[in-house]
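A short write-up of the structure that comes next.
The values are calculated or read from the model by the stated rules, or taken from the named source; none is laboratory data. Just so it is clear, the structure is predicted and the values come from calculations on it, not from any experiment. Positions of Cβ are generated from backbone atoms using ideal geometry, with glycine treated the same way; all protein chains shown enter the neighbour counts. Accessible surface is based on the protein model in full, side chains and every heavy atom, while ligands, DNA and RNA are left aside. Shrake-Rupley method; radii C 1.70, N 1.55, O 1.52, S 1.80 Å.
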Amino acid sequence: MTWRPQYRSSKFRHVFGKAATKENCYDGVPITRSVQDNHFCAVNPRFIAIITECVGGGAFLVLSVHHTGKLDPHHPRVSGHRGSVLDIKWNPFDDYCIASCSEDATVKVWEIPRHGVLTNLTMPWKELQGHSRRVGLIEWHPTANNILFSTAYDYQVMIWNLDSPEQVIKNPVRTIQHHTDVVLSMSFNTDGSLLATTCRDRKVRLMEARSGNVLQEANCKSHKASKVLILGNLKMLITSGTSRYNDRQIALWDQEDLSVPLLQENLDGSSGVIFPFYDPDTHMLYLAGKGDGNIRYYEISSEKPYLHYLTEYRSHSPQKGMGVMPKRGLDVTSCEVFRFYKVVIVKSLIEPISMIVPRRSESYQEDIYPMTAGNRPALTAEEWLSGISKGPVLMSLKPGSELMEPPSELKGLTNSLDTRRSQSRPGMLRLSYIQDQLEAKEDGEQAKSDRSWTSVSNGDDQAHGSPLTESEVFFKLFLFILLNNSDFLQKEIKASKKLFY
């Protein structure tokens, strides 16, 4: 009997990284020089947000994802914090809502106009005041609408309900006080019922997200964890950190038993923090080190040896942070399964990097695009706080499939937010109202035709992502008035004929 080597079959063995061309990057971005171990960049299918360096307070930029090339140094910013901004996160169910936290010990939630940021924004929709020291991390709940988690250097994790009518919220719905030092990272499971945290006290905690009760606690002397991720429905956790000899290391844990790690693997002797990213649809794990130019990626299975190394993307430019595009914003026609937005501070550059599965066929590949979490919440804030847990509402990435529309109560909430936002910033009401009326008119005309809402980004309207200038908005309004007032137009034509004849 001849011996044959054992090969593991995988459709992701040959995944490769492809960096965008210089024309498709965001150049001239004044990236923050903060030493916080965060991503400093947040992306959704319409906008990209980057924390910037500024004097006196904190600010961040919000650009259309199509606004590539050289950035105007005087581009308007979101600048309402009194201290440096440390973290930003987009609402997973509203592409026009973003949260930020700062050294001024507050969390602020902003509503971005549909046409983009044309003037500096200084008035937030909500301001959350409860922490006594600078707030370092924020996370949105993955299935419940308007539930936000924040953690600060006061060692507390606070849960906020943004459905509260007050503009300034001073009382969180719950405060978790199990940590004895600064919380370094937070991660939810798929339905948001569990929360995992890493802390500077070297412990990894797994707790109930709603009540804060600790279910499991890991204190491994051979592994000092800095970042943690719950691996979807695999019932496992992955942590990145350092070994007792200060080598960078990752560890895999059983969710039901955190006493001993299932696997430990040393990476190298560098000093930068490892940022882990997990794709539950492909079961791929990406590791990007702060200050590194490469991105390692693995495939994770539920059976031994659990972790299967694939390859790595290499680059000469070191990354300070990483933004990640949600699945609904990927280009499925090129078999793109993941997209990073690499923050390169030495070049003042944001560089998109696409992870692509090489396929010859140009048709939709259903085997690499299963049903994925969509942009519609499964629960309201009140339902989640009352004790209900649900998995995410799934959507298909196949071109031609309809996007999830927000439920009626969320639409009403969005309309009220637009009105409130416009009242707080004079001059914005007319533009936002005009924009909404024009888009409603265009949507009705497109519904009559056979034109599909889906395009390269599998369903997100690309036109909505490109902001209109003020002159374009008023020009379209002028045409809108003429087309909808034919009687008035005919009278004007008859009057002009009498003048000439």
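All conditions but one from (1) surrounded by 19 or more Cβ atoms within 10 Å (Cβ to Cβ); (2) out of contact with any Pro (no Cβ under 6 Å at 6 or more places or on another chain); (3) of a type outside the set (S, T, N, Q) apply to Val182; the one that does not is (1). Taking region 185-210 only, how many residues are part of a loop (DSSP other than H, G, I, E, B) and either touching a residue at least 40 places away in the same chain (Cβ under 8 Å) or open to solvent by 50 Å² or more (accessible area, probe 1.4 Å) (or both)? Residues flagged as part of a loop (DSSP other than H, G, I, E, B) and either touching a residue at least 40 places away in the same chain (Cβ under 8 Å) or open to solvent by 50 Å² or more (accessible area, probe 1.4 Å) (or both) within region 185-210 amount to 10.
Only residues that are basic (Lys, Arg) and surrounded by fewer than 19 Cβ atoms within 10 Å (Cβ to Cβ) were counted in region 336-375, giving 3. Within region 301-311, identify whether any single residue is under 24 Å from Pro92 (Cα atoms) and not small (Gly, Ala, Ser), and answer yes or no. There is no residue in region 301-311 that is under 24 Å from Pro92 (Cα atoms) and not small (Gly, Ala, Ser). Counting only residues that are of a type in the set (Gly, Ala, Ser), on the phi < 0 side of the Ramachandran plot and free of Cβ contacts under 8 Å to residues at least 60 places away in the same chain, region 284-321 holds 5 of them. Listed by position, the strands (runs of 3 or more DSSP E) inside region 223-283 whose residues that are acidic (Asp, Glu) and either in contact (Cβ under 8 Å) with a residue 24 or more places away in the chain or touching a Leu at 6+ places or on another chain (Cβ under 9 Å) (or both) number at least 1 are 248-254, 263-268, 274-279. Checked against the criterion of being in a strand (DSSP E or B), modelled with pLDDT of 95 or more and under 24 Å from Arg46 (Cβ atoms), region 171-178 has no qualifying residue. Does region 56-100 hold any residues that are of a type in the set (Val, Ile, Thr) and closer than 21 Å to Asn24 by Cα, and which are they? Passing the criteria: Val62, Val65, Thr68. Residue pairs whose Cβ atoms lie under 6 Å apart, separated by 6 or more positions or on different chains, with the first residue in region 142-168 and without any contact (Cβ under 8 Å) to a residue 60 or more places away in the chain and the second surrounded by fewer than 23 Cβ atoms within 10 Å (Cβ to Cβ) and polar (S, T, N, Q), are Asp154/Ser132; Gln156/Thr175; Gln156/Gln177; Met158/Thr175. Taken together, Val55, Val15 contain a single residue that is surrounded by 21 or more Cβ atoms within 10 Å (Cβ to Cβ) and either touching a residue at least 12 places away in the same chain (Cβ under 8 Å) or more than 22 Å from the chain's Cα centre (by Cα) (or both), which is Val15. When we screen Val157, Val135 for residues that are over 18 Å from His39 (Cα atoms) and surrounded by 24 or more Cβ atoms within 10 Å (Cβ to Cβ), the only hit is Val157.
Collect the residues in region 128-185 that are within 20 Å of Pro392 (Cβ to Cβ) and of a type in the set (D, E, K, R), keeping them in residue-number order. Once the filter is applied, which keeps residues that are within 20 Å of Pro392 (Cβ to Cβ) and of a type in the set (D, E, K, R), region 128-185 yields Glu139, Asp163.
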